[in-house]
Amino acid sequence: MNTGALAATALDWRAEDLWLALQANVPGVSIEVLPEVGSTNTALLDRIRHGDHSPALLVAERQVAGRGRHGRPWSAAAGASLTVSVGLTMTPADWSGLSLAVGLALAEALHPRIGLKWPNDLWLRDADRKLGGILIETVSSGTGADAHARPVVIGIGLNIAAQPPDADAGGAAPVYGSGYAGLAELIPGMTAPEALHRIALPLWRALQAYERDGLGPLLAAWSSRDVLAGRPVQAGVVQGRADGIAADGSLRILSADGTFATVHSGEVSVRPQGPRGSTALEAAR
C-alpha cells in the first residue's frame, strides 16, 4: 500500500483502514495522502501520461491550484474541505452519464438532504447552495482492440466546514443564497477524513456498476435528487423549465412553445421566479 507522506499530514486519515476496505473490490489500488498539492487531478493525470495506469486514490489536505469546470480555480484549505481524485481505466458503453453516476454515489453515501445539480454539482436541497463538485478528465488510450478503454481521473471537491474558510470571526449562520454549503451543516462534527471513508467504497462500486450497466438503472434515483426539475433555467441560448434527464444523461428543457431541447454539456443557470427584472442566479459557481 502506498500511503505517501502520511507522517507530514495534520489529520488522521486512517489510510490503512481505507485500503483494507477497498482492496477486495479494487485489487492493486494505491492510496496516497499528501499535505499539499497543486491539483490532485493533475497529479494523477501526470502519472497516467508517464505510463502508470494502476488504480489510485490521491488525497490532498491542501490544494493550491485545483481546477473546476472550464478551468475555474478550486483551492482548498486544510481541513475545511475534502479534495480527492481517483484514477482508473474504464470501458463503459457510454461515457456521457458518468458524472451523474458519480454525483449520485456521493449524495447517497453522505446525506438525504444532498441534491444533484446537472451535470456535476452537489447542492444543499431547498437552499441553492453548492456543497461540492466533480471534474472528470480522460486520457486517450490510442487505437486497437482496447481503444474504447480509457484512463480516467475523477476529481471530487466537497466543502466540509459549516462556514467558508474566509467567513468572519462572528460565525454567523450560512445565508440562504450565499452559494456555500458545508457537510458540517448536515452532519455536525464531520471531518474530511470521515467524509472520505463514507464515500470511497460506494464510489468505486458505483464506477464498477456504471461500467457494467450504464446510467439506466440510476435514472429514477438521480431524478429523486434533481434540484433543477421544474425550475426555470437557461443553458446558453435555450430557456425553459428543466424536465429531468434523458436516458443518455442529457438535460431536458421544456420551452415556452411546448418543444423540448436537450443539453449535453455546458453551464445551466437557474432563473428564480420573482419580480420582473430579477436576474438569473448563476448555478455553476
Task: Under Karplus coefficients 6.51, -1.76 and 1.60, residue-wise ³J(HN,Hα) of the range 110-125 in Hz, glycine/proline x - done: 9, 6, x, 7, 7, x, 10, 10, 4, x, 8, 10, 10, 10, 7, 4
TODO: Grab the beta carbon distance between Asp52 and Ala220, set R0 = 51 Å, and tell me the FRET efficiency rounded to 0.05.
DONE: 0.85
Task: Computed label-point distance, nm, for sites Asp17 and Val238 using a 7 Å Cα→Cβ extension - done: 4.5 nm
Open item on the list: Can you give me the long-range amide H partners of Ile160? Hydrogens built in the peptide plane at 1.01 Å from N, cutoff under 5 Å, separation of 5 or more residues or another chain.
Closed with: Ser81, Leu82, Leu183
Open item on the list: Per residue of the range 200-206, what does 6.51 cos²θ - 1.76 cosθ + 1.60 with θ = phi - 60° give for ³J(HN,Hα)? Whole Hz please, x for Gly and Pro, Karplus curve as stated.
Closed with: 4, 5, x, 5, 4, 5, 5
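Each reported figure results from applying straightforward, stated rules to the coordinates on display, with no laboratory input. Note that this is a predicted model, so its numbers are computed, not measured. Every residue, glycine as well, gets a Cβ built from its backbone with ideal geometry; the counts of neighbours run over all protein chains shown.
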